[in-house]
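The values are calculated or read from the model by the stated rules, or taken from the named source; none is laboratory data. The structure displayed is predicted, hence computed values, not measured ones. FYI the Cβ positions are ideal-geometry reconstructions off the backbone, even for glycines, and counts take in every protein chain you see. Side chains included, ligands, DNA and RNA excluded: accessible areas come from the protein's heavy atoms. Shrake-Rupley method; radii C 1.70, N 1.55, O 1.52, S 1.80 Å.
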Amino acid sequence: MTVQVNGFYHDATGTVSYIVSDSERKHAVIIDSVLDFDLFSGEVSSTFADKQLAFLQENQLTLDWILDTHAHADHLSAAHYLHSKTGVKTCIGEGIKAVEARFAKTFNYAQEEGHRFDAFDKLLQDGESLQFGSATLVSMSTPGHTSDSLSYIIDDNVFVGDTLFMPDGGTARCDFPGGDAGLLWDSISRVHQLPAHYKIWVCHDYQPDGRQLQYQTTVAQSQAANIHVNNQVGKAQYVALRNKRDATLAVPKLLYPSLQVNLQAGKLPQKQSNGLRYMSIPLTDKTQ
Ligand SMILES: N[C@@H](CCC(=O)N[C@@H](CS)C(=O)NCC(=O)O)C(=O)O
Ligand SMILES: [Fe+2]
């Protein structure tokens, strides 16, 4: 069995989505796909996800699972769109329940409306496995950036979501509701305990100092050279550094649209009586 990894870079959000395939049996999964969204015009489109569907077709791959590593706060997930085109099941970590509980108040969700996370076909627990072709994907709970973050291990590859960035990019922020720098440290330690040759595939690359796009490192390289969590840094030092940096970061441009959609597997908000869909933005009224 040969596992093949193809990364697709979404320039507008710095996101890397992956198609991972058992290239002999021709079965595949998609991790962290993205919808194109223009905040100012409200236009949602599927150019990026359609490229991935075309790739599957060109390579005669059967898609078996559509996965997100976490409820993204910076882009809309294309999971539901891909599901609507293929009928394939969508999955995320069961920590999505806690993420919804935190945001239910923000978005004023009524209990009788049911759970947004029911839109996912499957909620994965730590250590659960999924098959595609003769390949096995094993989920590993890696909370910290968000409380639902999972990493996916396939053969000697680990798709870490936003648990780690490339060594020169450090680590993801932990200031979203449910984020926790100490937990992220523990999760990174779990990833760094994997065999040294394992390939780490990251979900974002912000191309620090304008360098060329990169999205794959190894456990050994990450451990030795990550600017936030290398062998020279201890947990307390990391937590202090992370919290200090988070205090300087602006809210992601697409935070509220992303969560509204991603809590329900990438489904857009329901149409209103005029046939249009709307995103809502909770206001903090400082005029009073
Ligand atoms: N400027 C970006 C920020 C996106 C962002 O906050 N990304 C998260 C991952 S979802 C992160 O950890 N960023 C780390 C950083 O900006 O240092 C936006 O507005 O979308
Ligand atoms: Fe994220």
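Going by the conditions given, is residue 172 over 22 Å from residue 67 (Cα atoms) and either charged (D, E, K, R) or in a loop (DSSP other than H, G, I, E, B) (or both)? Walk me through it before giving the result.
Details: over 22 Å from residue 67 (Cα atoms): no; either charged (D, E, K, R) or in a loop (DSSP other than H, G, I, E, B) (or both): yes.
Considered against the rule, which asks whether it is over 22 Å from residue 67 (Cα atoms) and either charged (D, E, K, R) or in a loop (DSSP other than H, G, I, E, B) (or both), residue 172 comes out as no.
Among the residues in the stretch 106-116, are any among the basic types (Lys, Arg) and in contact with a Pro (Cβ under 6 Å, 6 or more places away or on another chain)? Working first, answer last.
Kept after step one, since they are among the basic types (Lys, Arg), are these residues of the stretch 106-116: 116.
Within this subset, residues satisfying the condition of being in contact with a Pro (Cβ under 6 Å, 6 or more places away or on another chain) are none.
Looking for residues that are among the basic types (Lys, Arg) and in contact with a Pro (Cβ under 6 Å, 6 or more places away or on another chain), one finds none in the stretch 106-116, hence no.
Answer yes or no as to whether residue 245 is away from ligand 2 (no atom under 16 Å from the Cβ), of a type in the set (Lys, Arg) and modelled with pLDDT of 95 or more.
Working: away from ligand 2 (no atom under 16 Å from the Cβ): no; of a type in the set (Lys, Arg): yes; modelled with pLDDT of 95 or more: yes.
When the stated conditions are applied, residue 245 does not pass them.
Given the criteria farther than 17 Å from residue 260 by Cα and modelled with pLDDT of 95 or more, does residue 97 qualify?
On the way: farther than 17 Å from residue 260 by Cα: no; modelled with pLDDT of 95 or more: yes.
Judged against the criteria, residue 97 is not a match.
Could you tell me which of the residues 52, 60, 111 is farther than 23 Å from residue 263 by Cβ and over 16 Å from the mean Cα position of the chain (by Cα)?
Values: 52 fails: farther than 23 Å from residue 263 by Cβ; 111 fails: farther than 23 Å from residue 263 by Cβ.
Every option except 60 fails the conditions.
Residues in the stretch 262-284: is at least one open to solvent by 80 Å² or more (accessible area, probe 1.4 Å), within 16 Å of ligand 1 (Cβ to nearest atom) and closer than 22 Å to residue 103 by Cβ?
Yes, because at least one residue in the stretch 262-284 is open to solvent by 80 Å² or more (accessible area, probe 1.4 Å), within 16 Å of ligand 1 (Cβ to nearest atom) and closer than 22 Å to residue 103 by Cβ.
Among the listed residues 256, 278, 206, which satisfies the condition of being at pLDDT 95 or above, more than 21 Å from the chain's Cα centre (by Cα) and of a type in the set (Phe, Trp, Tyr)? Please lay out each step first, then the result.
Numbers: 256 fails: more than 21 Å from the chain's Cα centre (by Cα); 206 fails: more than 21 Å from the chain's Cα centre (by Cα).
None of the other options fit; the residue is 278.
Mind telling me which of the residues 263, 268 ends up being out of contact with any strand residue (DSSP E or B) (no Cβ under 9 Å at 6 or more places or on another chain) and under 18 Å from residue 81 (Cα atoms)?
Values: 268 fails: out of contact with any strand residue (DSSP E or B) (no Cβ under 9 Å at 6 or more places or on another chain).
None of the other options fit; the residue is 263.
How many residues does the stretch 72-123 contain that are of a type outside the set (D, E, K, R), within 16 Å of ligand 2 (Cβ to nearest atom) and either touching an Asp or Glu at 6+ places or on another chain (Cβ under 6 Å) or assigned to a helix (DSSP H, G or I) (or both)?
So in the stretch 72-123, the residues of a type outside the set (D, E, K, R) come out as 72-73, 75-84, 86-88, 90-93, 95-96, 98-99, 101, 103-104, 106-111, 114-115, 117, 119-120, 123.
Subsequent filtering for residues that are within 16 Å of ligand 2 (Cβ to nearest atom) retains 72-73, 75-79, 92-93, 95-96, 98-99, 103.
Narrowing further to those that are either touching an Asp or Glu at 6+ places or on another chain (Cβ under 6 Å) or assigned to a helix (DSSP H, G or I) (or both): 77, 79, 92-93, 95-96, 98-99, 103.
Of the residues in that region, 9 qualify.
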